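The values are calculated or read from the model by the stated rules, or taken from the named source; none is laboratory data. Quantities reported herein were computed from a predicted structural model and do not represent experimental measurements. Note that we place each Cβ from the backbone using ideal geometry, even for glycine, and neighbour counts take in every protein chain shown. Heavy atoms of the whole protein, side chains included, go into the accessibility calculation; ligands, DNA and RNA do not. Shrake-Rupley method; radii C 1.70, N 1.55, O 1.52, S 1.80 Å.
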Amino acid sequence: MSNLAGKNPFTVVSPEGLSAEDVIRLFVEVAPEYNQVRNSGHAMIIGSRGTGKSMMFRYLLPDVQTVKNNVCFSQLPLLAIHVPIKNAQLQLTELKCLDDIHSSALINEHFLVVHILIVILRYLKQYETEIRVEDNVQLEKFIDECFIDGLVACGCKKVPLVDVSKKDVFTQMHKYALTLYSDFIGFVSQADPLIPMQGAAEIRYNLPLLSYQLFLLPFRYYQKHSAPYLHYSL
């Protein structure tokens, strides 16, 4: 049922707040950028506020596509993931005190990668009961080669023990990603803005540094005998 029914017609509702049914009713596939975004490769969508950029991304999300095409999640040709960064706290004031005494570019890249990882795993967790896995060996290989190995390469001293025999694999991975986020926020929140004036030796960053090349780029999952619904591109 539409969540717009009976509401003030002048109410402003962001695409993120719309139900799948409302998005299907309101979105029209006429923008040339729509097919470009669906194709493999990079795409840059430029437009002024209110031209439908966010609506297009919302339309591609799995809850809308399953309803629109009347298919289950595992039958989708792709898994679209929307990673908004406007509310990701990527501009924490405390990060400024690390400038000139740490490689701020690497630290900010780590924060961004962790944020993207959390969003991806949140989607997978939501649909993990519908995800088909041919065998646990295939899933375990993905976790070892695309998740654990990447974490180790980026300096994670403690890696999760993911039990592939359970049906909450992506929930387990999501919980671990949240600990990475929590550890980073804990470090940043304890950083004293006056420390840079007292000497760089007072601040020691000893947390992992997840990078796009070493971790996020290889983090993908593909089943050769079915649609690549867990394959994504950034």
Filtering the range 12-51 down to residues that are of a type in the set (G, A, S) and in contact (Cβ under 8 Å) with a residue 24 or more places away in the chain yields S14, A20, A31, S40, G41
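Results for (1) under 17 Å from L112 (Cα atoms); (2) in contact with a His (Cβ under 6 Å, 6 or more places away or on another chain); (3) at pLDDT 90 or above; (4) not in a helix (DSSP H, G or I), shown as yes or no for each residue.
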| residue | (1), (2), (3), (4) |
| --- | --- |
| K141 | no, no, no, no |
| I148 | no, no, yes, no |
| D163 | no, no, no, yes |
| K166 | no, no, no, yes |
| T171 | no, no, yes, no |
| L178 | yes, no, yes, no |
| D183 | yes, no, yes, no |
| F187 | yes, no, no, no |
Go through the range 32-47 residue by residue and tally those that are open to solvent by 80 Å² or more (accessible area, probe 1.4 Å) and among the hydroxyl-bearing types (S, T, Y). 1
Selected residue (criterion: nearest to Y205 (Cα to Cα)) from residues of the range 147-161 that are without any contact (Cβ under 8 Å) to a residue 60 or more places away in the chain and open to solvent by less than 30 Å² (accessible area, probe 1.4 Å): C156
Within the range 97-108, is there a residue that is in contact with a Phe, Trp or Tyr (Cβ under 7 Å, 6 or more places away or on another chain), surrounded by 16 or more Cβ atoms within 10 Å (Cβ to Cβ) and modelled with pLDDT under 75? yes
Scanning the range 13-25 residue by residue, those open to solvent by 80 Å² or more (accessible area, probe 1.4 Å) and modelled with pLDDT of 85 or more turn out to be E21, R25
Quickly run through the range 112-129 and pick out the residues that are open to solvent by 40 Å² or more (accessible area, probe 1.4 Å), at pLDDT 85 or above and either out of contact with any helix residue (DSSP H, G or I) (no Cβ under 8 Å at 6 or more places or on another chain) or farther than 18 Å from Q65 by Cα (or both). L112, Q126
Evaluate the range 67-79: report whether one residue or more is within 27 Å of D168 (Cα to Cα), among the aliphatic types (A, V, I, L, M), at pLDDT 85 or above and in contact with an Asp or Glu (Cβ under 9 Å, 6 or more places away or on another chain). yes
Going through F57, F73 one at a time, which residue ends up being open to solvent by 50 Å² or more (accessible area, probe 1.4 Å) and among the aromatic types (F, W, Y)? F57
